[in-house]
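The values are calculated or read from the model by the stated rules, or taken from the named source; none is laboratory data. These numbers come from a predicted model, not from an experiment. Cβ placement follows ideal geometry from the backbone for every residue including glycine, while neighbour counts extend to all protein chains displayed. Note: areas computed on protein heavy atoms with side chains; ligands, DNA, RNA excluded. Shrake-Rupley method; radii C 1.70, N 1.55, O 1.52, S 1.80 Å.
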Amino acid sequence: MCGIVGFVGKQQAAPLLLDGLSKLEYRGYDSAGIAVYDKEQDAIDVVKAKGRLQALRDLTGDGQSVKGCIGIGHTRWATHGEPSVVNSHPHFNKDKSVCIVHNGIIENYQPLKEKMQSRGMEFISQTDTEVVVHMLEHYYSGDPLSAIIKVMHRVKGSYALGVMFKEHPGELYAVRKDSPLIIGVSEEGNFIASDVPAILKHTRNVYFIDNLEIAKLTETSVEFFNEDAEPIEKELTTVKWDIEAAEKGGYEHFMLKEIYEQPKVVADTINPRIEQGQIVLKELNMSDEEIQALKRIYIIGCGSAYHVGMAVKYMIEQIARIPVDVDLASEFRYRNPIMEPDSLAIIISQSGETADSLAALREIQSRGIKVLGVVNVVGSSIAREADNVLYTWAGPEIAVATTKAYSAQLAACYLLGIHFAKVRGQIDDKTYQSMVEELQALPDKIQSILGDKERIQWFASKYSAAKDMFFIGRGQDYATAMEGSLKLKEISYIHSEAYAAGELKHGSISLIEDGTLSVAIATQPDLYEKMVSNIVEVRSRGSFVFALTTEGNYSMEDTSDFTVYVPKTLSCFSTSLSVIPLQLFGYYVSVAKGCDVDKPRNLAKSVTVE
């Protein structure tokens, strides 16, 4: 959740740290700070500010007033202690001989804090992080690596750490357990960072640190050690994202840019896996016999990834006839699930670092079930720990509210569903070919929806002052309703709920009153007439209805107040098209309200703590 950047090299560190932190703003934060070792003063200079990164830029003259070629920076998302200068990172001991930045949560910080206080250590913040600083000071006797390892053996929880010792002014240390951290290597020096965009401007050559590993960086070298201080050899990876992919490219917001990138990312996810009209999933690493023997599929995710799972459940059960369970990762990991042998678990995560999803993966593997990761970030924790990985190739997604990664995840799972259906003999060759062709047609159909955004923009501006909205749908449209509702609430702060339309009369219809906006999704042919009845239900109670349906269903205009049409496709692919107008609707409502679209309050892009 928090953002970490560190640098050691030939250039002044502070401007590089600030630039890197600006690329991590999407992760969510409430304060920021940097610490730089000044060789002339033989001191670590720490500058921190509450609020946006611009406040830190103003304090440091865009970094020019903070001298030194080694430093660490941090954007904090408060967990322990309120947002404040004192609680913000970097944290340091009394004489600033040890300085750290931290992402994660130290679960046993309270007893450790009491132990350090009994030894005379003085604490000034409310954070769990500060205890690590004092422990490093306590265990340090000239060897930074030894002190770091002793602390690792005593703390519980998750952490990514950037550490500087004043007595070792040319060395920067990085430590990781569960929270993401990478090392970037360049000619100008070496970097640590929470995520690739922070260093993409300077290098595409990175090392991925695994759990319980330590990295020692100097201007010209990077060394890795395990928790027994034994050296480790690691492979350098080249990140294929380009700088432009992490920039706005003339769009007002990253979210709008990423909405418009969806035709490309869906095509990029689908097309390389279709050869001469056949789906080829080499990454799956499952024989036809294993697929035919599948008894059940478990799909686990959080937020929008969970909604992908809900949509895909309908699709896989419909065409492949495999039972599918969909779980929220945060619930799955604690409910002691019963898992059938000969099953497959699919973990969906854009970042590949989602803490609850990663914990679920480990729980599943401990029970002997194979795990497939559907992940966007190459080299992420889920990508490395899953048995196999189906990458979505969406490129960097910067806006907190996911759009293109969601669409790419859907596309990847569609490939799986069709492949499973064919191998299990549930669809014939003709149906298989028509599904593959329709899948390849999705990018153009998404593009056609984006070309007709003006009506949605106009309608969104009319309803930007709404207090409550309801999204309703049946079958796969209910899964789409859940995602549409989430998009609206997370970026516009309007209360919104999604309901299975058939459940309205079982309680929730009592919330409908004059002027309430209901967004009704009706793209499933077998359920269309039932949805029309539900629309009549809510409209008769005073609701204003925004209907989203398929081209050809023009009689919907007699039932709804405002109608948006999407191109026809196979019903099992409908979410890929119907979600686009809902993304645009949420975006334009947020813009009309003047909200911070890319960085909504209280939210972070990558949720790396519970």
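Show me the trypsin sites (Lys or Arg not before Pro) within the range 44-107 that DSSP assigns to loop and that have at most 15 other Cβ atoms within 10 Å of their Cβ.
Details: sites: LYS48, LYS50, ARG52, ARG57, LYS67, ARG76, LYS94, LYS96; in loops: ARG52, LYS67, LYS94, LYS96.
When the trypsin sites (Lys or Arg not before Pro) of the range 44-107 are filtered for loop state and at most 15 Cβ neighbours within 10 Å, LYS94 remain.
Counting only protein heavy atoms and a 1.4 Å probe, tell me what percentage of the chain's accessible area is made up of carbon and sulfur. Intermediate values should be presented prior to the final figure.
Values: 10790 of 22950 Å².
Carbon and sulfur atoms account for 47 percent of the accessible area of the chain.
How far is helix 304-319 tilted, in degrees, relative to the longest principal axis of the Cα atoms in the chain, given as a value from 0 to 90 rounded to the nearest 10?
40 degrees
Ranking request for peptides 146-157, 383-394, 446-457: highest mean number of other beta-carbon atoms within 10 Å first, then the rest in descending order.
Values: 146-157: 17.7, 383-394: 21.0, 446-457: 16.1.
With the highest mean Cβ count within 10 Å placed first, the list reads 383-394, 146-157, 446-457.
222 nm [θ] for the chain, helices only, -39500 (n - 2.57) per DSSP H run of 4+, per residue, to 500? Each step should come with its number before you reach the end.
Working: 18 runs with 205 residues, N = 610.
Calculated from helices alone, the mean residue ellipticity at 222 nm is -10500 deg cm²/dmol.
Please name which of PRO83, PRO15, TYR29 has its Cα lying farthest along the dipole of the range 1-101 towards the positive end, using unit charges on Cβ (Lys, Arg +1; Asp, Glu -1) and the Cα centre as origin.
Value: TYR29.
Compare the Cα positions of THR220, ALA441, MET121 along the charge dipole of the chain (+1 at Cβ of Lys, Arg; -1 at Cβ of Asp, Glu; about the Cα centre) and return the one farthest towards the positive end.
MET121
Which pairs, out of LYS201/LYS404; LYS282/LYS599; LYS39/LYS201; LYS10/LYS156, put more than 32 Å between their alpha-carbon atoms? If you can, show how the numbers build up before the last one.
Values: LYS201/LYS404 22 Å; LYS282/LYS599 37 Å; LYS39/LYS201 26 Å; LYS10/LYS156 36 Å.
LYS282/LYS599; LYS10/LYS156, as the Cα separations exceed 32 Å there.
Between the helical axis of 429-450 and the dominant principal axis of the chain, each derived from Cα atoms, what acute angle in degrees is found, rounded to the nearest 10?
70 degrees
What share of Cα pairs, in percent, lie more than 45 angstrom apart in the chain? Working shown, then result.
Details: 39968 of 185745 pairs.
Of all Cα-Cα pairs in the chain, 22 percent lie more than 45 Å apart.
So how strong a dipole does the range 153-305 carry about its Cα centre when Lys and Arg Cβ are +1 and Asp and Glu Cβ are -1, to the nearest 20 debye?
Details: 17 positive and 27 negative charges, 110 e Å.
Dipole size: approximately 540 debye.
Among the lysines, which have Cα under 27 Å from the Cα of LYS150 when same-chain residues fewer than 8 positions away are ignored?
Within reach: LYS94, LYS96, LYS113, LYS115, LYS166, LYS177, LYS216, LYS234.
Ignoring ligands, DNA and RNA, what accessible area per residue does the range 35-92 give at 1.4 Å, in Å²? Each step should come with its number before you reach the end.
Values: 2570 Å² over 58 residues.
Accessible area per residue, the range 35-92: 44 Å².
What dipole magnitude, in Debye to the nearest 20, does the chain give about its Cα centre under +1 on Lys/Arg Cβ and -1 on Asp/Glu Cβ?
Numbers: 62 positive and 82 negative charges, 148 e Å.
The calculated dipole for the chain is roughly 720 debye.
Would you mind getting the accessible area per residue of the range 305-453, heavy atoms of the protein chains only, 1.4 Å probe, in Å²? It would help to have the intermediate numbers written out before the result.
Details: 4830 Å² over 149 residues.
So the range 305-453 comes to 32 Å² accessible per residue, rounded to a whole number.
Give me the aspartates and glutamates in straight-line cross-link reach of LYS248: C-alpha distance below 19 Å, same-chain residues under 8 apart excluded.
ASP19, GLU25, ASP195, GLU258, GLU261, GLU397, ASP596, ASP598
Over what distance in Å are the Cα centres of the range 354-380 and the range 537-578 separated?
Between the Cα centre of the range 354-380 and that of the range 537-578, the gap is 37 Å.
Would you mind checking the tilt of helix 528-539 against the longest principal axis of the Cα atoms of the chain, expressed as 0 to 90 degrees and rounded to 10?
Helix 528-539 sits roughly 80 degrees off the main axis of the chain.
Could you derive backbone 3J(HN,Hα) for the range 276-287 from the dihedral phi with the Karplus parameters 6.51, -1.76 and 1.60 (θ = phi - 60°), listing whole Hz in sequence and x where the residue is Gly or Pro?
Per-residue couplings from phi come out as 6, x, 10, 6, 10, 10, 5, 5, 5, 6, 10, 6 Hz.
Compute the distance from the alpha-carbon center of the range 193-226 to that of the range 445-478, in whole Å.
42 Å
As a test, work out the antiparallel percent of DSSP beta bridges whose residues both lie in the chain, rounded to the nearest 5. It would help to have the intermediate numbers written out before the result.
On the way: 65 of 106 bridges.
Given both bridge residues lie in the chain, the antiparallel proportion sits at roughly 60 percent.
Could you list the GluC sites (Glu not before Pro) in the range 276-305 that lie in coil according to DSSP, counting only those with at most 14 other Cβ atoms within 10 Å of their Cβ?
Values: sites: GLU283, GLU289, GLU290; in loops: none.
Those that pass, being in a loop and sparsely packed, number zero.
5 Å is the cut-off here: which amide hydrogens, built 1.01 Å from N in the peptide plane, fall below it relative to GLY51, excluding neighbours closer than 5 in sequence?
HN-HN under 5 Å from GLY51: SER31, ALA32.
HN-Hα J couplings of the range 321-329 from phi, Karplus 6.51/-1.76/1.60, θ = phi - 60°, integer Hz, Gly and Pro as x?
Values per residue, Gly and Pro as x: 6, 10, x, 10, 9, 10, 10, 5, 4 Hz.
Considering the Cα positions of the range 139-212, please state its Rg to one decimal place and its Dmax as a whole number of Å.
Over the range 139-212's Cα set, Rg and Dmax evaluate to 13.3, 37 Å.
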